[in-house]
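K.L.:
My questions will all concern the structure given below.
The values are calculated or read from the model by the stated rules, or taken from the named source; none is laboratory data. All values derive from a computational prediction rather than experimental measurement. Positions of Cβ are backbone-derived with ideal geometry, glycine not excepted, and every protein chain shown enters the neighbour counts. For the accessible areas, the whole protein counts, side chains as well, though only heavy atoms, and no ligand, DNA or RNA atoms are used. Shrake-Rupley method; radii C 1.70, N 1.55, O 1.52, S 1.80 Å.
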Amino acid sequence: MAESDLANAKLPDQEDYAIEMLNITKKFPGIIANDNITLQLKRGEIHALLGENGAGKSTLMSVLFGLYQPEEGIIKKDGKVVQVRNPNDATALHIGMVHQHFKLVECFTVLDNIILGVETTKMGVLQKAETRKKVMALSEKYGLRIDPDAKIEDISVGMQQRVEILKMLYRDNEILIFDEPTAVLTPQEIDELMEIMRNFKAEGKSILFISHKLSEIMAVSDRCTVLRKGKYIGTVNTCDTTVEELSSMMVGRSVQMKVEKEDAKPTDVVLEVEGVTVPSKIHKNNAVQNVSFKVRRGEIVCLAGIEGNGQTQFIHALTGLDSVSSGKITMCGQDITHASIRKRSELGMSHIPEDRHKHGLILDFSLEQNLVLQRFRDPEFQKAGFINFGAVRKYAEKLIDKFDIRSGQGPITTARAMSGGNQQKAIVAREIDKGPELLVAVQPTRGLDVGAIEYIHKQIVAERDRGVAVLLVSLELDEVMDLPDRILVMYEGEIVGEFDPKQVTVEELGLYMAGAKRMEVAE
Amino acid sequence: MSRLKSNPGFISILASLASIVIGLLFGFILLLVLNAKNAPAGMANMLTNGIKDMGNVLYNAIPLIMVGLSVAFAFKVGCFNIGASGQYTMGAVFALFCALKWQLPWYVCLLAAILGGAVWGMFPGLFKSLFNVNEVITSIMMNWIGMNVSVLWVSNFSQMLAPNPDRTMALDAGNPSAILPKAGLDSLYSYLNIGIIIAVIVAVIMWVIIAKTTFGYELRACGLNKNGAIYAGINAKRNVVLSMVIAGALAGLGGGLYYLTGGGQFKLEKEILPMGFNGISVALLANSHPIGCIFSAIFISYLKLGGIAMQSQGYATEATDIVTAVIIYLAAFSLLLRLTIIKFFGKEKKEVAKQ
Ligand SMILES: Nc1ncnc2c1ncn2[C@@H]1O[C@H](COP(=O)(O)OP(=O)(O)O)[C@@H](O)[C@H]1O
Ligand SMILES: [Mg+2]
């Protein structure tokens, strides 16, 4: 049977599909993001969508959610062809989506965000009390802890995600799309989320779960569809497959999962932090309390901990985005406690930021403009204040080539139009190519697929071997155990333990991260 | 052709043109409602009057270009400069003070105009970056302060006043050396002078600064993503102040250029000059592109002149004002139209692909 006939054919023993996306093709300038892709979601299943960054997963889901109109292909709900022209259509069809990058109004409260667009009103007056009851009931039922009156900008990423999930539930959605939900979560939060997804499934909701973390897919999904470079590779039953099979389907080759590195040979101290304290913006206590440690040339030190224990504030103070209230930071022998960001950068600090959209990129700049974000003042790229566009282009092409940054139109692609993983690669390329003395890498592989993680880990290890001091902040336990040479655990703004990753177990680390144990760190 | 279609510059120009056409249509409908019989003739008058009088159109475009550039430049760092009026006023008064009180030549007066505007632009910039006060509020306040200061200032120096003390003295009586050189342009229109050349040159310089220099790169980065710019080591606070100072200087220069032609006398009225607000339309219609500001300013000047000509068709001044305002403001919707045009081309491509 020809593929296009699939749409009309009624097989006698047809499965009960909640959603069918048949032969979907979606093009962007210079790239076919989805090339004739078919995805069938059974009612009451958790269906994983697996693929490298830029494989077209988010695009396919955006088509289903009505954000993009496909050039070809049809969508069926409950066996009937439907038109999804915009997200309102999707909501009417009870399709809900948690986007990879949340779509929340920063200055609104949690509750306002949840009801935004579907407010209950009586003669034009908001019925807050009523909606609050419904939201809190949902929150309790599914164990989605939220603070309804906090503003979005003040709450953790994990809670923001719970708000997004509650948004879907509040709209009585039965098809739930999760676009890389675990990328931003702590291990505990990931477990919670999986439990929540299983509950949804038990209630008969159908779930599309995007991820490139194979362990999660194996743990929670019933079936898995794999995409590679916009093409459909196949759909498998999770119970019949292995991590190895999935990863080679996804990448097209076998991937090395474990970081390979020699033992570290640390030499002189590059970064010394002494008694750094940073006040909190939200509460009265200090976000970072009297933190001291050293990072030497040729070693990777990891600041581990559960999200929200002061890592972000510490890194902001270290990199100059925020100021410290007491303590001293020395880099390469110079006191940089109060130095400007530019000064720190010139002294050799590179920073892969936690939030790539807020800090790492100017999304409406082109890729090449982003690749020279701190370096446009270098004599190489400007003369008497005039930008040398030729040199910028050449440099961008070099980095794109060297770091395999994929995008629709090369150097002139708008950063906004690139997939998350390639945006991250661009930042990593920029920060590593600066030739730093100190590389501050905050969740450098957040949201990336195994191929890209392997690559970035290799780059970081190569930097270490080149004699760079690396300070890594990570929430991913695999990364915490694998990549660094030394682990510092941060709990409630303090360093509560120091470990050798080769000698500590994940369980032991977890106890320190949860605040159940602590040791006096000798420095 | 298809390459042209995805060119953002081309799309911007097309959007501006389309919105102008829609604006004109609306204007025509309004004329029909007001007085159907004379509408065709009125419209024709409005559209053709400028052609006969291109010199006058250019003359009136000079300050428009400058305030348009002022708004457009501030917009690049994400500031909405609604204070161009006050800056324009201060530019005018600084220039006239140098001309009439101190009897200085025109080029010094122009520098004074730049200074006056820059100082007035600096305050909203400082308040924004030091105390995080919204520049819209402070620049509106600066408009009022500027208006009152100018009236107070000028009325305190009788040397500056004309025999009729509600306005400043005409420059050919007060200080002819402060009148901008004509450079032969007066053959087009008696008041036209090198001001138009200065305005065009300044527009080109602004374009070069924004598009080609590291400073422009910094400004745009701040405007598009302030946090990203700060992360990159760009001093966002300094850039906000600087760009507001420059925006003020541009508007101030506009005031200087207009009042040093010898044509206009500064009237001591307790009214905010509407010129600054015209700057917003000029910048919007040009999609904040400095070169575009030249053309949109000429277009708006052309319409205003045409509006005056409509009066001979029996339309009241207010009516012609409304019609031109409708056209200008609809024209300013070009931003909205841009999206429609992009969508339209997207569809067309799809159809081609299907065939
Ligand atoms: N709005 C857009 N405009 C242009 N190209 C896009 C846009 N969105 C995504 N792309 C491109 O389409 C491809 C697929 O992207 P995406 O669906 O985000 O990948 P994934 O979610 O699998 O990581 C990428 O190469 C990306 O650069
Ligand atoms: Mg994605």
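K.L.:
I'd like the full set of residues that are more than 7 Å from ligand 1 (Cβ to nearest atom), small (Gly, Ala, Ser) and in a loop (DSSP other than H, G, I, E, B), limited to the stretch A:31-57.
P.N.:
A:GLY44
K.L.:
Within the stretch A:415-456, how many residues are touching a Cys at 6+ places or on another chain (Cβ under 8 Å) and within 14 Å of ligand 2 (Cβ to nearest atom)?
P.N.:
Here the count works out to 0.
K.L.:
Within the bounds of the stretch A:89-97, is there any residue that is in contact with a Gly (Cβ under 7 Å, 6 or more places away or on another chain) and modelled with pLDDT of 90 or more?
P.N.:
Yes; the residues of the stretch A:89-97 include at least one that is in contact with a Gly (Cβ under 7 Å, 6 or more places away or on another chain) and modelled with pLDDT of 90 or more.
K.L.:
Is it the case, given these coordinates, that A:LEU438 is open to solvent by less than 30 Å² (accessible area, probe 1.4 Å), within 27 Å of A:VAL301 (Cβ to Cβ) and either touching a Leu at 6+ places or on another chain (Cβ under 7 Å) or not β-branched (Val, Ile, Thr) (or both)?
P.N.:
yes
K.L.:
Another question about this same structure. Looking at (1) outside any helix (DSSP H, G or I); (2) more than 18 Å from B:PRO274 (Cβ to Cβ); (3) touching a Phe, Trp or Tyr at 6+ places or on another chain (Cβ under 9 Å), can you tell me which one B:LYS37 breaks?
P.N.:
The one condition B:LYS37 does not meet is (3).
K.L.:
Can you tell me which residue among A:PHE386, A:PHE403, A:PHE376 is open to solvent by less than 40 Å² (accessible area, probe 1.4 Å), hydrophobic (A, V, I, L, M, F, W, C) and in contact with a Lys or Arg (Cβ under 6 Å, 6 or more places away or on another chain)?
P.N.:
A:PHE403
K.L.:
A further question on this structure: Looking only at the stretch A:246-265, count every residue that is over 30 Å from A:THR235 (Cα atoms) and open to solvent by 60 Å² or more (accessible area, probe 1.4 Å) and tell me the total.
P.N.:
Residues meeting the conditions: 5.
K.L.:
In the stretch A:179-289, which helices (runs of 4 or more DSSP H) lie fully inside it and hold 3 or more residues that are within 13 Å of A:ALA48 (Cβ to Cβ) and more than 16 Å from ligand 1 (Cβ to nearest atom)?
P.N.:
A:187-202, A:214-220
K.L.:
Go through the stretch A:312-406 and tell me which helices (runs of 4 or more DSSP H), entirely inside it, have 2 or more residues that are away from chain B (no Cβ under 11 Å) and over 24 Å from A:VAL270 (Cα atoms).
P.N.:
Output list reads A:367-371, A:389-403.
K.L.:
Which of the residues spanning the stretch A:292-306 are among the aliphatic types (A, V, I, L, M) and modelled with pLDDT of 95 or more?
P.N.:
Hits for the stretch A:292-306 are A:VAL295, A:ILE300, A:VAL301, A:LEU303.
K.L.:
Moving on. Cβ-Cβ below 8 Å, separation at least six or inter-chain, first residue in the stretch A:135-149 and farther than 18 Å from A:THR109 by Cβ and modelled with pLDDT under 90, second among the charged types (D, E, K, R) and not in a loop (DSSP other than H, G, I, E, B): which pairs?
P.N.:
A:GLY143/A:GLU192; A:GLY143/A:GLU195
K.L.:
Which condition breaks for A:GLN83 when tested against (1) under 28 Å from A:SER206 (Cβ atoms); (2) surrounded by 14 or more Cβ atoms within 10 Å (Cβ to Cβ)?
P.N.:
Checking A:GLN83 against (1) under 28 Å from A:SER206 (Cβ atoms); (2) surrounded by 14 or more Cβ atoms within 10 Å (Cβ to Cβ), the one that fails is (2).
K.L.:
Evaluate the stretch B:182-197: report whether one residue or more is in contact with a Pro (Cβ under 9 Å, 6 or more places away or on another chain) and open to solvent by 60 Å² or more (accessible area, probe 1.4 Å).
P.N.:
No; the residues of the stretch B:182-197 include none that is in contact with a Pro (Cβ under 9 Å, 6 or more places away or on another chain) and open to solvent by 60 Å² or more (accessible area, probe 1.4 Å).
K.L.:
Same structure, new question: Considering B:MET46, B:MET90, which residue is assigned to a helix (DSSP H, G or I), farther than 24 Å from B:ILE322 by Cα and touching a residue at least 40 places away in the same chain (Cβ under 8 Å)?
P.N.:
Selected residue: B:MET90, the only one of B:MET46, B:MET90 that is assigned to a helix (DSSP H, G or I), farther than 24 Å from B:ILE322 by Cα and touching a residue at least 40 places away in the same chain (Cβ under 8 Å).
K.L.:
So, of the residues in the stretch A:87-116 that are out of contact with any strand residue (DSSP E or B) (no Cβ under 9 Å at 6 or more places or on another chain) and over 20 Å from A:ILE155 (Cβ atoms), which turns out to be most open to solvent (accessible area, probe 1.4 Å)?
P.N.:
A:ASN88
K.L.:
Report those helices (runs of 4 or more DSSP H) wholly inside the stretch A:107-173 carrying at least 1 residues which are in contact with a Gly (Cβ under 6 Å, 6 or more places away or on another chain).
P.N.:
It comes to A:157-170.
K.L.:
Mind listing whichever residues of the stretch A:421-444 are within 14 Å of ligand 1 (Cβ to nearest atom) and either of a type outside the set (Lys, Arg) or within 14 Å of another protein chain (Cβ to nearest Cβ) (or both)?
P.N.:
A:GLY421, A:ASN422, A:GLN423, A:GLN424, A:ALA426
K.L.:
Does A:VAL163 satisfy being open to solvent by less than 10 Å² (accessible area, probe 1.4 Å), more than 16 Å from ligand 2 (Cβ to nearest atom), within 14 Å of A:LEU104 (Cβ to Cβ) and touching a residue at least 24 places away in the same chain (Cβ under 8 Å)?
P.N.:
yes
K.L.:
Okay, next question. For the subset of the stretch A:266-286 comprising residues that are exposed (fewer than 14 other Cβ atoms within 10 Å of the Cβ) and not small (Gly, Ala, Ser), which member is farthest from A:ALA219 (Cα to Cα)?
P.N.:
This residue is A:ASP268.
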